[in-house]
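J.: First the structure, which I've put down as structure tokens, then a few questions once you've had a look.
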Amino acid sequence: MKPLSIAAEETPVITKTKELCETILSQPGYAQMKASIVEFLSNDEARSLYETLCDHQEKLSQKQEQGQMISEEEDNAFGELEDKFLAMPIAENFIKAQRQMHKIEKTVTEYVRKTFELGRVPQAEDFSSGSCGPSCGCH
């Protein structure tokens, strides 16, 4: 079987997906989200601290998964790193931008998933017992 190439041909789905991408890019908040991420990635100190924090978190997670206890010293060290990182305004903006982009991605994914599941375009009530959609934040 030949591997599927996502951009192999311009199908109606690809055309509409590109339109969706253009719509996302034209949203008023997109430029600010992108600027926050670029600014963060350009700041060596913030990026380095973030990488250190992620590495430390990964080590602690692996330790927990192996059934080992995390010492108070390790927990405190992680907390100090996290506090230092979160105290940086550039980090706060980066995290907000990531969350906003993730929310958009999650909403699009949920709509596509529900479309396959239902065999029709989903309505707000299809996402929960309430009257809101997947991006309302109540889920």
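J.: Filter the helices (runs of 4 or more DSSP H) completely within the range 1-113 down to those with at least 3 residues that are of a type in the set (Lys, Arg). Steps first, answer last, please.
T.: Numbers: elements: 12-26, 30-42, 44-65, 72-86.
Those helices (runs of 4 or more DSSP H) span 44-65.
For every residue, the table says whether it meets (1) loosely packed, with under 12 Cβ neighbours inside 10 Å; (2) under 25 Å from Ile37 (Cβ atoms).
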| site | (1), (2) |
| --- | --- |
| Met88 | no, yes |
| Glu92 | no, yes |
| Ile95 | no, yes |
| Gln100 | no, yes |
| Lys103 | no, yes |
| Val112 | no, yes |
| Phe116 | yes, no |
| Val121 | yes, no |
| Ala124 | no, no |
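J.: Now a separate question. Does the range 125-133 contain any residue that is in a helix (DSSP H, G or I), in contact with a Lys or Arg (Cβ under 6 Å, 6 or more places away or on another chain) and modelled with pLDDT under 95? Don't jump to the end; show me each part of the working.
T.: Restricting attention to the range 125-133, the residues satisfying the condition of being in a helix (DSSP H, G or I) are 125-126.
Applying the additional criterion that residues be in contact with a Lys or Arg (Cβ under 6 Å, 6 or more places away or on another chain) yields 126.
Next, only the ones that are modelled with pLDDT under 95 stay: 126.
Within the range 125-133 (the criterion being in a helix (DSSP H, G or I), in contact with a Lys or Arg (Cβ under 6 Å, 6 or more places away or on another chain) and modelled with pLDDT under 95), the answer is yes, since at least one residue qualifies.
J.: Just one of Thr11, Thr23 is over 16 Å from the mean Cα position of the chain (by Cα), open to solvent by less than 50 Å² (accessible area, probe 1.4 Å) and among the hydroxyl-bearing types (Ser, Thr, Tyr); which is it? I'd like the intermediate steps shown before the answer.
T.: Values: Thr23 fails: open to solvent by less than 50 Å² (accessible area, probe 1.4 Å).
Unique residue meeting the criteria: Thr11.
The values are calculated or read from the model by the stated rules, or taken from the named source; none is laboratory data. None of the values given here were measured: they were computed from a predicted structure. Virtual Cβ from ideal backbone geometry, glycine too; neighbours counted across all protein chains shown. Just so you know, the surface numbers come from the protein's heavy atoms only, side chains and all, with ligands and any DNA or RNA stripped out. Shrake-Rupley method; radii C 1.70, N 1.55, O 1.52, S 1.80 Å.
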